[in-house]
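Report on one structure; see the data block that follows.
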Amino acid sequence: MIGTEPWSSTEDVERLLAGQQYIADPSLVMAIYLSGRLGKPLLVEGEPGCGKTEIAKALAAGTGGELIRLQCFEGLDARSALYEWDYARQLLTIRLHETRETPEALEREVFSERFLLKRPLLRALSDDSPHRPILLIDEVDRADEEFEGLLLEVLSDYQVTVPELGTIRAKQVPFVLITSNRTRDLSDALKRRCLYAYVDYPDLEKEVAILDKRLPELGDPFARKIASFVQRVRQDPELSKRPGVAETLDWAAALLDLDRTELSAETVATTLGFLVKDAQDLRYLREQRLEALLEK
């Protein structure tokens, strides 16, 4: 079963995302469209802060599907990702019924599905709501390589085997979005099972459009000044961490709250921490580059 999705064309996907104030490139729109139609996971790589996670949020809000998020981290295992048994409730049930039930009946009772704690992967497979769930496997590159093997098993057939219960198959195939910040190379086996898209830093016009969508109170002229400054900052080869779109929006929101309409040296110097979130980069820009960046 591939599942159902509320789009029948790339134009539908573009409108759905735009309705959630997400501006996507044609290649990303095509990848989302095909991922939904073919029932294949979509792997999205890119720099931090460029809107990868926001794709899943926009799809969930636009389709009405539940957003089920698995945040990856080092040491992530099946208990955190798939399921575990509610041992405390099982033990309490055993103590309450051990004198009235046979061991076989008691075993069937405590290993029934009502004692199963479903973690994100199993929750997504068990979802039977009218709208297709959106499963976000976020920052998969932070997890160990062994976790990729677990993902392969789950995403290949969209089923999970629980020894005490048997095989649990997806009631409907979720839309699966896997994100990576490329802190390590992912396995070829995982990549082969996914469609692929790359989200890069936006160019000037796209960044202005994002600001206009998210913070229309800025006005186009000031939004363009902000986006132009951010573009110049990103081009500096000395920076260890370039600001993403998330930082642009943070900075613009701060300027808006302060009722600023111009990028004066004082304004930029005192608010630059919203845009540049690395101590060494911040000191470098304030002390050596600020005047040059404002003159352009």
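Where a number appears in this text, it was derived from the coordinates with a stated rule and is not lab data. Predicted, not measured: the structure shown is a model, and the values here were computed from it. All Cβ positions, even for glycine, are placed from backbone atoms using ideal geometry, and neighbour counts span all protein chains on display.
List the pair-distance distribution P(r) of the stretch 204-295, using every Cα-Cα distance, as the percent of pairs falling in each 5 Å bin from 0 up to the bin containing the longest distance, rounded to whole percents.
With 5 Å bins starting at 0, P(r) equals 2, 14, 29, 27, 18, 8, 1.
Determine, for each peptide in 193-200, 52-59, the mean count of other beta carbons within 10 angstrom over its residues, then list the peptides with the highest first.
Working: 193-200: 17.5, 52-59: 22.1.
Descending mean neighbour count gives 52-59, 193-200.
Suppose only helical runs count, i.e. DSSP H with n ≥ 4. What mean residue ellipticity at 222 nm does that imply for the chain under -39500 (n - 2.57) per run, divided by all residues and rounded to the nearest 500 deg cm²/dmol?
Values: 15 runs with 141 residues, N = 296.
Only helices count here, giving -13500 deg cm²/dmol.
Output needed for the chain: three equivalent-ellipsoid semi-axes, defined as square roots of 5 times the C-alpha gyration tensor eigenvalues, in descending order, whole Å. Before the final figure, lay out each step's value.
Details: eigenvalues 402, 95, 62 Å².
Here the semi-axes work out to 45, 22, 18 Å.
How far, in nm, would the chain grow between Ala246 and Arg232 when pulled straight, counting 0.36 nm per residue and subtracting the alpha carbon separation?
Working: separation 14, 0.36 × 14 = 5.04 nm, distance 1.64 nm.
Taking 0.36 nm per residue and subtracting the Cα distance, the gain is 3.4 nm.
Which of Gly273, Gly166, Gly19 moves most in a GNM of the chain, Cα contacts under 10 Å?
Gly166
Looking at the chain, what % of its DSSP beta bridges pair antiparallel, to the nearest 5? If you can, show how the numbers build up before the last one.
Details: 7 of 25 bridges.
Taking every DSSP beta bridge within the chain, about 30 percent pair in antiparallel fashion.
Using alpha carbon coordinates only, what is the Rg to Rh ratio of the stretch 57-139, with Rh defined as the Kirkwood radius? If you can, show how the numbers build up before the last one.
Working: Rg = 17.0 Å, Rh = 14.9 Å.
Reported Rg/Rh, Kirkwood definition of Rh: 1.14.
What is the spin-label model distance, in nm, from Glu262 to Ala279 if the labels are put 7 Å beyond Cα along the C-beta direction?
3.5 nm
Give, in nm to one decimal, the length gained when the segment between Phe111 and Glu205 is fully stretched (0.36 nm per residue of separation minus the Cα-Cα distance). Write down the numbers at each step before the final one.
On the way: separation 94, 0.36 × 94 = 33.84 nm, distance 5.69 nm.
Fully extending the segment from Phe111 to Glu205 adds 28.2 nm.
Can you list residues from other chains, or at least 5 along the same chain, whose modelled amide H is less than 5 Å from the amide H of Arg69?
Leu136
What is the packing order of peptides 204-213, 80-89, taking the mean over residues of other C-beta atoms within 10 Å and listing the highest first?
Ranking the peptides 204-213, 80-89 by packing returns 204-213, 80-89.
Which residue, chosen from Gly244, Leu263, Ser228, occupies the Cα position most advanced towards the positive end of the dipole of the stretch 228-296, where the dipole is computed from +1 (Lys, Arg) and -1 (Asp, Glu) charges on Cβ about the Cα centre?
About the Cα centre, the residue reaching furthest to the positive side is Gly244.
Between Leu91 and Thr183, take the C-beta separation as r, use R0 = 35 Å, and let me know the FRET efficiency to the nearest 0.05. Provide the component values of the computation, followed by the final result.
Values: r = 40 Å, r/R0 = 1.15.
FRET efficiency, Leu91 to Thr183: 0.30.
Beyond 21 Å between alpha-carbons counts as too far, so tell me which of Lys52/Lys277; Lys171/Lys191; Lys40/Lys213; Lys52/Lys225; Lys57/Lys277 fall in that bin. Working shown, then result.
Values: Lys52/Lys277 19 Å; Lys171/Lys191 25 Å; Lys40/Lys213 30 Å; Lys52/Lys225 25 Å; Lys57/Lys277 24 Å.
Table pairs above 21 Å Cα-Cα are Lys171/Lys191; Lys40/Lys213; Lys52/Lys225; Lys57/Lys277.
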